[in-house]
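I have placed the structure first, in the form of structure tokens, so that the comments after it can refer back to it.
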Amino acid sequence: MTNVSPLLRRLLAVTLLVAMAWLAWSGVVAPLREDFASHAVAVERDAEFLVRYRAHAATRPELDGELARLRAIETARGGFLKADNPALAAAALQDRLKLAITKAGGTLKSVQVLAPEADGNYRRVAVDVMVSAGIGALEDLLYDLETGVPYLFVDELEVRRTGARIPAGKADAGEDPVQARFMVSGFMRGGDVT
């Protein structure tokens, strides 16, 4: 290397310096710049999210008020069976049935309380009912049950003709009576069935 001219040495030194600078740039500086650029984009995106989240958070008092209003409406509605436990709810349901059957002009043959079932935040209380009535009275009964308060649901309706005649003096006199078996259910608040 002693035979190398000073110009060639300088050229070689400058080349090595440029190569080291390029290696430092491409190995350290360029990745750092790309990393900073990607972080800048992420910060900008997060700033936009933050603005949107703050706008949503500003509506919270309004939404809390709406939720309180809806809860008050739900509490005030008479659509649920009002009882502290399923046994009392079933008794209230039986009373409601007896009143509706009597009002329609039918005769209650049997009532069987079914096991309560949890349904989300509510408990479904059901009874199996057998009624004897004229077809008009049965229609009135079913209408009363499904449109009255508390809200009741009629399922598994089976109707059979009995063959006897309804005696004179009743609302459905002269009609063939039918026996109807169906399940009536209503809901009470609270999902625990114990």
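All of the numbers you see were taken from the coordinates with simple rules; none came from a lab. Because the structure is predicted, anything quoted here is derived from the model rather than measured. A quick note on method: Cβ atoms are made from the backbone with ideal geometry, for glycine too, and the neighbour counts reach across all protein chains shown.
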Relative to the longest principal axis of the C-alpha atoms of the chain, give the angle of the C-alpha long axis of helix 30-58, reported between 0 and 90° and rounded to the nearest 10°. 30 degrees
Residue by residue, what Karplus-based ³J(HN,Hα) values in Hz, rounded to whole numbers, does region 135-149 have, using 6.51, -1.76 and 1.60 with θ = phi - 60° and x for Gly and Pro? 5, x, 5, 5, 4, 4, 4, 5, 4, 4, 5, 7, 10, x, 10
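Per-residue ellipticity at 222 nm for the chain, helices alone: DSSP H runs ≥ 4 residues times -39500 (n - 2.57), over residue total, nearest 500 deg cm²/dmol?
Value at 222 nm, helices only, nearest 500: -17000 deg cm²/dmol.
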Just want the answer: with Cβ charges of +1 for Lys and Arg and -1 for Asp and Glu, which residue in Ala40, Thr59, Pro6 is farthest toward the dipole's positive end in region 1-103? Thr59
Segment Met183-Ala58, extension gain: residue separation times 0.36 nm, minus the distance between their alpha carbons: 40.1 nm
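If packing is taken as the mean number of other Cβ atoms within 10 Å per residue, what is the order of 129-142, 55-68, 96-109, highest first?
With the highest mean Cβ count within 10 Å placed first, the list reads 129-142, 96-109, 55-68.
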Using amide H atoms built 1.01 Å from N in the peptide plane, name the residues 5+ places from Gly134, or on other chains, whose amide H lies under 5 Å from its own. Val178
Correct choice for P(r) over Cα pairs in 10 Å bins from 0, in percent that was computed from the model, options (i) 8, 20, 15, 10, 8, 7, 7, 6, 5, 5, 4, 3, 2, 0; (ii) 8, 23, 23, 17, 14, 11, 5, 1; (iii) 7, 21, 18, 14, 10, 9, 8, 6, 4, 2, 1, 0, 0, 0: (i)
Residue (of Ser132, Phe182, Asn85) at the positive-pole extreme of the chain, dipole from beta-carbon charges: Asn85
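Quick one, can you get me the convex hull of the C-alpha atoms of region 86-189 expressed as volume per residue in Å³? Don't skip to the answer; put the middle values down first.
Numbers: hull volume 8.7 nm³, N = 104.
Each residue corresponds to 83 Å³ of Cα convex hull volume.
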Magnitude of the Cβ-charge dipole (Lys and Arg +1, Asp and Glu -1) of the chain about the Cα centre, nearest 20 debye, reported as 580 debye
Phi to ³J(HN,Hα) by Karplus 6.51 cos²θ - 1.76 cosθ + 1.60 over region 85-98, Hz, x for Gly, Pro: 8, x, 5, 5, 5, 5, 5, 5, 5, 5, 4, 4, 5, 4
C-alpha long axis of helix 6-24 to longest principal axis of the chain, angle in °: 10 degrees
Long-range amide H partners of Phe80, meaning residues 5 or more apart or on another chain whose placed amide H is closer than 5 Å, are Tyr151
From the backbone phi of region 105-111, what are the Karplus-calculated ³J(HN,Hα) couplings (6.51 cos²θ - 1.76 cosθ + 1.60, θ = phi - 60°) in whole Hz, Gly and Pro given as x? x, x, 10, 7, 8, 7, 9
